[in-house]
Amino acid sequence: MRPARILFLHGLGDTPHGWAETLREAFGTRLAYVTFELPEAPKARVTCNGGMVMTSWMDLHDIPVTPGAFDDEPTITRSVEIVHRAVDKAIEGGIPPERVVIGGFSQGAALAFISTLRYSQRLGGCVMLSGWPPFVNTEPIAQSANAKTDFFIAHGLSDSVVSAECAQMTAEALSAAGVPARMRLYPGMAHSSCGAEMADLGRFLEDVLPP
């Protein structure tokens, strides 16, 4: 089996620990040849939470996040650099770029989206769980080295933190640029995950990172 790496990014105010356990339970046996790397976001003041300091990949001005939400360029760029360094390190360690997937939940999914599109080599895939697409109206998606990279977009229809319309907007923008994207929507799922989503994600990962 060929090794592979999945870089998974947690959401606002969270730590990697909860997702590490979720991913281990879901895929530890099924994707035994894959290593999961879950970095922790830096701590920063977050506008939508009254300036409280918490783990945050980017500043957010409003919750719920809806299509057209403000994108904070300085904090997003800083975090993209963190992600790209982690991908570079994986490649330097012997994992081919096409065996690397960037994914995340909520704010982490937003960062996964823009980090994938701005990476200089084609990667294995991008996973967006309950996220949104930063700079979707200005990013030259079709010119990206990852314009043919597979994206998995999943969202709960009862999400009150990040509107499910963000998933639709992501899928439409990617499709318009010729990027292969799978979108899955889950009735009754809030800003969280569910068994059906993990099953769909597993199938996607097996497709883009076969043994």
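What follows draws every value from the coordinates through simple rules; no lab data is involved. Just so it is clear, the model here is predicted, and its values are computed rather than measured. Don't worry about glycine lacking a Cβ; one is built from the backbone with ideal geometry, like all the others, and counts go over all protein chains shown.
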Q. What do you reckon, is residue 167 assigned to a helix (DSSP H, G or I), aliphatic (A, V, I, L, M) and either under 16 Å from the mean Cα position of the chain (by Cα) or within 18 Å of residue 108 (Cβ to Cβ) (or both)?
A. yes
Q | In segment 28-64, residue surrounded by the most Cβ atoms within 10 Å (Cβ to Cβ) [restricted to those that are aromatic (Phe, Trp, Tyr) and touching a helix residue (DSSP H, G or I) at 6+ places or on another chain (Cβ under 6 Å)] | A | 57
(Q) Go through (1) among the hydrophobic types (A, V, I, L, M, F, W, C); (2) more than 24 Å from residue 66 (Cα to Cα); (3) not in a helix (DSSP H, G or I) for residue 205 and report which single condition fails. (A) (3)
Q. Name the pairs whose Cβ atoms lie under 6 Å apart, with the first residue in segment 176-201 and farther than 20 Å from residue 163 by Cβ, the second part of a helix (DSSP H, G or I) and among the β-branched types (Val, Ile, Thr), and 6 or more positions between them or separate chains?
A. 177/141
Q. Does segment 76-116 hold any residues that are among the small types (Gly, Ala, Ser), surrounded by 15 or more Cβ atoms within 10 Å (Cβ to Cβ) and not in a helix (DSSP H, G or I), and which are they?
A. 103, 104, 106
Q: Tell me, please, whether a residue that is touching a residue at least 40 places away in the same chain (Cβ under 8 Å) and of a type in the set (Val, Ile, Thr) can be found in segment 25-32.
A: no
Q) Is it true that residue 154 is part of a loop (DSSP other than H, G, I, E, B) and of a type outside the set (Lys, Arg)? A) no
